[in-house]
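Step one of this worksheet: look at the structure below.
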Amino acid sequence: MSLIEGSKLRGEHALFSPSTPSWLNYSDDQFLDALRNKYRASIGTEIHEWAGIQVQLGQKVSGVRDAAKSIKTMIFQKYYDERYGLSDFGRALLLHLKYIPTEAYNTIKAYVNDAVANLMTPEEILDYSDYFFGTCDALYFNEQKGMLKIFDLKTGSRTAKIEQLFAYAARYCLKYRVDPFDISTELRIYQNGEVLMNEPDPKEIRTVMDTIIRFDSLMSKHNKGEL
């Protein structure tokens, strides 16, 4: 048996890995449900990547059909190999892409266009420490105006909570030593055809900051064997 040097499986995704063997006990229906959920999650990842590219380029979306076509093209190019053609994973992604409703594309369009209009930076890493960090979808900060904006795109159906963005705002303030009482903050979640907007009270952000500082200290002490 030879090594699979140059195998078409190189770089492929193992949706059901041997390292997580719980799927061995699934029924056929459970397996198919799990499979569909994994592809939905992968589609969401691809859409976020595409949206980030559009925001980085400052390129607004002209229409829903254009967005759908552009996402499809990106996925095809990403999973196409001149030697092996389109991978099974890429083919499956394109298949599931067909089931995305128009409402979802309208949400994607609104997110991209608003992020571009607000001159936002996509995929901003907010790393307060080795224990508390994360990447927000789009961020804008204007020091002169004292304005922080954080937008988040959700492609899943489970309703998101605005508190997630409180944590991003807190991490930003901690990383760059910004007092939340000295700025105004605007948070938005784009999901299911709607935009959830919130301008949190600085006290709310400060509370999250204090919690992060406290828990970060506990984790550091624990990992040093001091607790």
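Values quoted throughout were computed directly from the atomic coordinates according to the rules given, and no laboratory measurement underlies them. None of these values were measured; they are calculated from a predicted model. All Cβ positions, glycine included, derive from the backbone under ideal geometry; neighbour counts span all protein chains shown.
Database remark: amide H of residue 100 closer than 5 angstrom to no amide H (H placed geometrically; neighbours at sequence offset of 5 or more, or on other chains; Pro and chain starts carry no H). Counting only aspartates and glutamates at least 8 places from residue 149 when in the same chain, those with an alpha carbon closer than 16 Å to its own are 114, 123, 124, 137, 163, 179, 182, 186, 199, 201, 204.
Could you put 151, 141 in order, starting from the residue whose Cβ has the fewest other Cβ atoms within 10 Å? Write out the running numbers ahead of the final one.
Values: 151 26, 141 19.
Ordered from fewest to most neighbouring Cβ atoms within 10 Å, 151, 141 come out as 141, 151.
Ordering 227, 162, 74 by Cα displacement along the dipole of the chain toward the positive end leaves 74 in first place; charges were set at the Cβ atoms of Lys, Arg (+1) and Asp, Glu (-1). Working from Cα pairs under 8 Å separated by at least six residues, relative contact order for the chain is 16 percent.
Scale the Cα Rg of the chain by the rule-of-thumb value 2.2 N^0.38 Å and send over the ratio, two decimals.
Values: Rg = 20.7 Å, N = 227, 2.2 N^0.38 = 17.3 Å.
Ratio of Cα Rg to 2.2 N^0.38 Å: 1.20.
Note: relative contact order over region 73-169, using C-alpha pairs below 8 Å and six or more positions apart, is 16 percent.
The label point for residue 219 and the one for residue 81, both projected 7 Å from the Cα toward the Cβ, are 3.7 nm apart. Computed about the Cα centre, the dipole magnitude for region 61-125 is approximately 320 debye when only Lys and Arg (+1) and Asp and Glu (-1) carry charge, each at its Cβ.
Under unit Cβ charges (Lys, Arg +1; Asp, Glu -1), what dipole magnitude, rounded to 20 debye, does region 21-113 have relative to its Cα centre? Before the final figure, lay out each step's value.
Values: 12 positive and 10 negative charges, 72 e Å.
Dipole magnitude for region 21-113 comes out near 340 debye.
Each principal axis of region 120-223 carries a Cα extent, and these read 44, 35, 23 Å when sorted largest first.
Here the 3J(HN,Hα) profile of region 182-193, calculated from phi with Karplus coefficients 6.51, -1.76 and 1.60 at θ = phi - 60°, is 9, 10, 9, 10, 10, 10, 9, 10, 9, 7, 6, x Hz, Gly and Pro shown as x.
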